[in-house]
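For reference, the structure is listed below as structure tokens.
Each reported figure results from applying straightforward, stated rules to the coordinates on display, with no laboratory input. Everything numeric in this text was worked out from a predicted model, so none of it was measured. Backbone-built Cβ (ideal geometry, glycine too); neighbour counts: all protein chains shown.
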Amino acid sequence: MMEVQGLSKAFSGATAVDNFSLTIGQDEYLTLLGPSGSGKSTLLRLLAGLEAPDSGVIRLNGEDITSLPAHMRHLGFVQQKYALFPHLSVSDNVAFGLRFRAVDPVTDEAVVARRVKESLDLVGLTDLGARMVGQLSGGQKQRVSLARTLVTEPKVCLLDEPLGALDANLRERMTVELQKIRRALGVTFMHVTGNEAEAIAMGDRMIVLDHGKLLQVAHPDVVFLTPANVSVARYINAYNILEGRSEDGRFVCGDAAFPLPAPAQDLRHYAIRFDSARILAEDETASEDSACMTARFIASEFLGSQVTYILRRSDGRTFEVVRHLSREDPVVYDRDQQCTICWNASDGLLFDASGNLVSAAPVRGAA
Amino acid sequence: MSIDTNMTGTIVQDKTTAKKQGLFNRYGHYFLLAPGVIWMILFLVVPLIMMLYVSFWTQTTFAIKPDLTVKSWVTFFSSDTYFGALLRTLRIWLTVLVLTFAIGYPAALFIGQYVRNKTVQTILLVACVIPFWTSFLIRVLAWRPMLGKEGAINIVLMKIGIITQPIDVLLFTELSVIIGMVQIYVVFMVGPIAFMLARIDESLIEAARDLGASSWRIFRKIIFPLSLPGVVVGAIFVSVMVLGEFATASALSGRKVNLLGNIIVTQVGSLKWAFAAVIGVVLTLVMAAVIIGLLRVVNLRREL
């Protein structure tokens, strides 16, 4: 439905978005993950028409909208800071787009009132129409902002870190709400976030962006289990990433070396998921097909259903091991205790010198 | 038993000291107001009451007696000269107010909305104040060689042949008073409006545009309403200063245009204190009404 081709934008020489291409389908929930400064907000502003691209084309249903001004695009943009009009009531805020848009404004106040009510019902703020914006809580403002955009029936709704300013509790509720609202309307959402858990949990497809470049776009499962690039593995914050080189069918990292899951050359990085590794008990020896390294225990973090053990490798970097408590009981280690970490060698992911994934381990449990 | 009494005694005493301390803690901060309140009562409230009181005194040619009478009030409202001055003051005030708004708002809009660099914004606002670096008298008198019969404007217009006879309504008329006042007071309109406009978050305008509104709609429905508090503050500044004006009027009208301020000056000059007090009361009431009216336009309490 919406096609983006070779979109680029630089601000006084610094590249913000670099040759970005993507096809956005109808009725899907896209999440866009990137660290701050990765150009994700700029990308959204380019799509919304709030910035002009240096090059590239944006097509909506086949029509070139690259140079169309923002108010003619029929795209919704929910701003990070909500951007509610402080001098208007909640109802008037929501009605703004219907009443005052340049193309096809709704002049019948009865229709405006009905659609505003429907929209407020949808976001669960039925009785707050008469309130002034200053009297709302953060979560309510967020919903008004969403209702104000959705009431205009945009073809694509762009959300700039919509949950960023909410507290954890509200964040979880809005996660469910956003998906419910989206399904009810059948509108495509493009949700920008810096939070990997949010991107993985909410998206039908997930885009990973860094330095303005698209690194991977796929189902969150696929991104999570087979990150296409070492940067992607880094951003989803579930992998220990070890730097080293390949040597005689082994990956050498400092004073440790592991068997490779598949023959490969010119390797630079080796990634192992936090929850694939475990710490050996003192009297235990590793099995033949496992990769092992030693590290000193620093601290552990109890998270209810799981424990994260943080260890320091001989080269000073940290290594995280996550163990789910439904499988085993938490173990107590002394600070600086020497431990052996082991994992199944076939669980390792290999990345070459340019950062790309070389061989994927056989994916277990992926859709 | 004796221990018991003792204990209750101590407790009671503790309670009273706690209460005393509580009182001071709770109301102590009101002492911060004392210097200001005392000053205002002595030099503002008391003189205002005195002015009202004196306006009912009996005035003879060279003396004034505290025998109460409404004679000065009757004279004010029955005389064309004096009542006419009231109407003229109101007319000039309204004209100057409208003109300062019409000239000041676009300038403020430029500074507040289109100049996004805070430093440049500040420089431009300071530039608005540069005329104030010369004295009031010079600024007013400089209009004479500009507007006079043989002044700059007439010479230029005659040189390029637009007029053959010099325009003589330019100086020593109501027009010249208005030109002078607008020039002096327009900056008081620009400042507060530019301040409010600069505070409007860019994301509001982007949101409105994204919702499909054209630039004019965005101005009408978002930018202008959000700048209204600035307009009201600016209008209050200009109104208070113009309504009490006398210097510009006497310097640029050749004493032909008499405002209430000019009449007060003349009456005080000829020791007609009772009559000056009447005009003083009238002027104070007019200003109060104007300020209340302007504050009704917008709820400043909510906006600031």
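Within 10 Å, count the other beta carbons around each residue, average over each peptide in A:129-140, A:311-322, B:192-203, and list them highest first.
Ranked from most to least packed, the peptides come out as B:192-203, A:311-322, A:129-140.
Averaging sequence separations of C-alpha pairs under 8 Å and six or more residues apart, then dividing by the length of the stretch A:103-259, give the relative contact order as a whole percent.
The normalised contact order for the stretch A:103-259 reaches 12 percent.
Could you work out how far apart the two model spin labels at A:Val252 and A:Leu280 are, taking each label as a point 7 Å from the Cα in the direction of the beta carbon, and quote it in nm?
2.2
Show that you can apply the helix-only estimate: for the protein assembly as shown, add -39,500 (n - 2.57) for every DSSP H stretch of four or more residues, divide by all residues, and state [θ] at 222 nm to the nearest 500.
Here the helix-only value at 222 nm equals -14000 deg cm²/dmol.
Taking +1 at the Cβ of each Lys and Arg and -1 at the Cβ of each Asp and Glu, which of A:Leu349, A:Leu209, A:Ser326 sits farthest along the dipole of the protein assembly as shown towards its positive end, judged by Cα position relative to the Cα centre?
Checked the options; the winner is A:Leu209.
Which shape class, rounded, prolate or oblate, goes with the protein assembly as shown when its Cα gyration tensor gives a ≥ b ≥ c as root eigenvalues, a/c under 1.5 marks rounded, and past that a/b bigger than b/c marks prolate?
prolate
Could you list B:Leu52, A:Leu166, A:Leu242, A:Leu209 so that the one with the fewest beta carbons within 10 Å of its beta carbon is first and the one with the most is last?
Fewest-to-most Cβ neighbours within 10 Å comes out as B:Leu52, A:Leu166, A:Leu242, A:Leu209.
Which whole number gives the average count of other chain Cβ atoms within 10 Å of the Cβ atoms across peptide A:93-102?
Counting other chains' Cβ atoms within 10 Å and averaging over A:93-102 gives 5.
Hey, got the dipole for the stretch A:194-279? About the Cα centre, +1 on K and R Cβ, -1 on D and E Cβ, debye to the nearest 20?
The dipole of the stretch A:194-279 has a size of about 60 debye.
Classify chain A: rounded, prolate or oblate, from the alpha-carbon gyration tensor (a ≥ b ≥ c, eigenvalue square roots; a/c under 1.5 rounded; otherwise prolate if a/b is larger than b/c)?
prolate
Going by how many other beta carbons lie within 10 Å of each one, how would you line up A:Val151, A:Val331, fewest first?
In increasing order of surrounding Cβ atoms, one gets A:Val331, A:Val151.
Quick one: grab the alpha carbon gyration tensor of the stretch B:72-303, order the square roots of its eigenvalues as a ≥ b ≥ c, and give me rounded if a/c is under 1.5, else prolate or oblate depending on whether a/b is larger than b/c.
Oblate is the answer for the stretch B:72-303, as a/c is 1.5 or above yet b/c matches or exceeds a/b.
Would you list the membrane-span-like helices of chain A, meaning whole DSSP H runs whose alpha-carbon atoms span at least 20 Å along their axis and whose mean Kyte-Doolittle value is at least -1.0?
A:168-185
Report the charge-dipole magnitude of chain B in Debye, nearest 20, computed about the Cα centre from +1 at each Lys and Arg Cβ and -1 at each Asp and Glu Cβ.
Approximately 100 debye in magnitude.
Averaged over peptide B:194-206, how many Cβ atoms belonging to another chain are found within 10 Å of each residue's Cβ?
For peptide B:194-206, the averaged partner shielding equals 3.
Using alpha-carbon pairs under 8 Å, 6+ residues apart, how would you state the relative contact order of chain A in percent?
16
What is the sum of charges around B:Lys65, taking Lys and Arg as +1, Asp and Glu as -1, for the other residues whose C-beta is under 14 Å from the C-beta of B:Lys65?
It works out to a net charge of +1.
Counting only complete DSSP H runs, which helices of chain B cover 15 Å or more along their long axis at the Cα atoms and score a mean Kyte-Doolittle of 1.0 or above?
Helix filter hits for chain B: B:80-109, B:118-129, B:174-199, B:224-243, B:273-297.
Within 10 Å of each Cβ of B:221-228, how many other protein chain Cβ atoms are there on average?
3
Taking only C-alpha pairs under 8 Å that are 6+ residues apart, what is the relative contact order of the stretch B:72-303 in percent?
27 percent.
Radius of gyration and Dmax for the stretch A:234-308's Cα atoms, expressed in Å?
My reading of the Cα-based Rg and Dmax gives 14.0, 42 Å.
What ranking, highest mean first, results for peptides A:268-275, B:119-126 when packing means the other Cβ atoms within 10 Å averaged over each residue?
Packing order, densest peptide first, comes out as A:268-275, B:119-126.
May I ask you to order A:16-29, B:59-72 by the average number of other C-beta atoms within 10 Å around their residues, highest value first?
Descending packing order for the listed peptides: A:16-29, B:59-72.
Kirkwood-based Rg over Rh for the stretch B:187-246 (C-alpha set), two decimals?
Using Cα coordinates only, the ratio equals 1.15.
Strictly over 30 Å apart at the Cα level, which of B:Lys65/B:Lys256; A:Lys9/A:Lys81; A:Lys40/B:Lys118 would you flag in this model?
The pairs that break the limit, which is 30 Å between Cα atoms, are B:Lys65/B:Lys256.
Largest first, please: the extent of the C-alpha atoms of the stretch A:92-143 along each principal axis, to the nearest Å.
Extents along the principal axes: 32, 18, 15 Å.
Put +1 on the Cβ of each Lys and Arg and -1 on the Cβ of each Asp and Glu in the protein assembly as shown; which of B:Ala198, A:Gly194, A:Leu33 then has its Cα farthest toward the positive end of the dipole?
Value: B:Ala198.
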